[in-house]
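Colleague: A single structure is presented below for examination.
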Amino acid sequence: MNINQLMQQAQKMQKDMKKSQEEVSNMIFTSKQELVEVEMDGNKKVKKITINKDIEKDDIEALEDMILISINDCINQVDKTMENKLGKYANMMPGLF
């Protein structure tokens with residue numbers, strides 16, 4: 001394989017990685033708990049929080065915990081999706097991911 005072929009292969013891989021990152025960025029990840037639902041985009045920006053309207057004042061502490069759980073769950077979903085989409089490139093470029 002000559003250097004030009006290697007460069008073309010690297011450019012294609014870079015283009016494919018960017019496309020995969022853009023796909024994940026445009027996805028919406030949702031985590032629904034008993035009292036709350038959180039939506040987050042692939043850039044880990046919270047887009048929407050929906051709180052169950054039947055909540056009682058005694059449930060506020062539980063609600064706070066569920067919001068944290070939901071946000072962290074969405075972050076984990078984004079990370080796993082990105083890892084699945086970009087993981088194939090890790091074998092090609094050790095130490096990159």
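Taken together, the values in this text are just the output of simple stated rules run on the coordinates, not laboratory data. Everything numeric here is computed off the predicted structure, so don't read it as measured data. Note that we place each Cβ from the backbone using ideal geometry, even for glycine, and neighbour counts take in every protein chain shown.
Colleague: What is the local net charge at THR81, summed over the other residues whose Cβ is closer than 13 Å to its Cβ (Lys, Arg +1; Asp, Glu -1)?
Modeller: Computed value for this residue: -3.
Colleague: Follow-up. Calculate how steeply helix 60-90 sits against the longest principal axis of the alpha-carbon atoms of the chain, using the helix alpha-carbon long axis, and give the answer as 0 to 90 degrees to the nearest 10.
Modeller: 10 degrees
Colleague: Right, here's the next one. Relative to the first principal axis of the alpha-carbon coordinates of the chain, what is the inclination of helix 3-25, with its axis defined by its Cα atoms, in degrees from 0 to 90 and to the nearest 10?
Modeller: Value to nearest ten degrees: 10.
Colleague: By a straight-distance test (C-alpha under 18 Å), which lysines pair with LYS47 as possible cross-link partners, with residues fewer than eight away in the same chain excluded?
Modeller: Reachable lysines: LYS32.
Colleague: What longest range of the chain stays clear of loop-exposed GluC sites (Glu not before Pro) (DSSP non-H/G/I/E/B, at most 12 other C-beta within 10 angstrom)?
Modeller: For GluC sites (Glu not before Pro) (loop position, at most 12 other Cβ atoms within 10 Å), the longest site-free span of the chain is 57-97.
Colleague: Just one of (1) -0.60, -0.75, -1.27, -1.29; (2) -0.41, -0.58, -1.08, -1.13; (3) -0.26, -0.44, -1.32, -1.41 is log10 I(q)/I(0) by the Debye sum over Cα atoms at q = 0.10, 0.13, 0.23, 0.24 Å⁻¹ calculated from these coordinates, so which is it?
Modeller: Step by step, log10 I(q)/I(0) by the Debye sum over Cα atoms at q = 0.10, 0.13, 0.23, 0.24 Å⁻¹ for this structure corresponds to label (2).
Colleague: Which order do LEU86, LEU68, LEU6, LEU35 fall in if you start with the one that has the fewest other Cβ atoms within 10 Å?
Modeller: LEU6, LEU68, LEU86, LEU35
Colleague: Do you know the relative contact order of the stretch 25-76, to the nearest whole percent, from alpha carbon pairs under 8 angstrom that are 6+ apart?
Modeller: Taking the mean separation of contacting Cα pairs over the length of the stretch 25-76, I get 39 percent.
Colleague: Tell me the relative contact order for the chain as a rounded percent, counting alpha carbon contacts under 8 Å between residues six or more apart.
Modeller: Computed over the chain, the figure is 27 percent.
Colleague: Still on this structure: Can you find, among GLN14, ILE69, ASN4, the residue sitting farthest towards the positive end of the charge dipole of the chain, where Lys and Arg contribute +1 and Asp and Glu -1 at Cβ?
Modeller: ASN4
Colleague: Which cross-chain or sequence-distant (5 or more) residues have an amide H under 5 Å from the amide H of VAL36, H modelled 1.01 Å from N in plane?
Modeller: Residues meeting the criterion, in which the H sits 1.01 Å from N, are ASN52.
Colleague: Need the list of lysines near LYS12 for cross-linking: C-alpha distance under 22 angstrom, and skip anything on the same chain fewer than eight residues off.
Modeller: LYS85, LYS88
Colleague: Ignoring everything except DSSP H segments at least 4 long, calculate the 222 nm mean residue ellipticity for the chain; use -39,500 (n - 2.57) per segment, divide by total residues, nearest 500.
Modeller: Taken over the chain, the calculation gives -20000 deg cm²/dmol.
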